[in-house]
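The values are calculated or read from the model by the stated rules, or taken from the named source; none is laboratory data. Note that the coordinates shown come from a computational prediction; the quantities given were computed from them, not determined experimentally. Glycine also receives a Cβ, built like all others from the backbone with ideal geometry; neighbour counts cover every protein chain displayed.
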Amino acid sequence: MNTAVAAIICVLFTGILVHQIRCLGILLIPTRKGTVQIAFTIVGIIVILGITYFYADMFIHYILGILAAMVFGLSLFKSGITSEGFSYNRSFMGFLAPWHKIEKVRIDLKKNVVVSFSGHGSYELRFRKEDHEKLIGILEQYLPVEVFNNHLC
């Protein structure tokens, strides 16, 4: 990879990193992370850094590897509820379901608080039980009564 291409990719990764940090800043309630999710993320970061260490030829390759590991690691922590809607990940791609596009919300109070929502598909987020009251308050604030009518299942 020549230096110009590496520099362009470096700028793109930096932009993605800035966007992820912005998403973390507006997060009101983060989702609960499972042990498997955390383990896979740590293994992924180690693999990215290992490939970088063994195959990097120039200094910019090391910068790219570190940026890639940071982008990969932060993708785990940006899902949850924001003031703009539900932020969630699918295959490490971040998505935002804005409040006005959400058609139905269902809350299941189990070991965790499971919030299922639909709009352009059906998705599920898990939150800590301690965040239940805060979660209800935010949903009542941002969603119309028809979409969220505080039904616990």
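Summary of computed values
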read-out	value
Residue match in segment 21-42 (condition: without any contact (Cβ under 8 Å) to a residue 12 or more places away in the chain and farther than 24 Å from residue 127 by Cα)	no
Some residue of segment 2-10 being outside any helix (DSSP H, G or I) and under 30 Å from residue 134 (Cα atoms)	no
Leading residue by the ranking (modelled with the lowest pLDDT) among those in segment 117-146 that are part of a strand (DSSP E or B) and surrounded by fewer than 15 Cβ atoms within 10 Å (Cβ to Cβ)	122
Residue list for segment 69-86, restricted to those being of a type outside the set (D, E, K, R), at pLDDT below 95 and outside any strand (DSSP E or B)	71, 72, 73, 74, 75, 76, 77, 79, 83
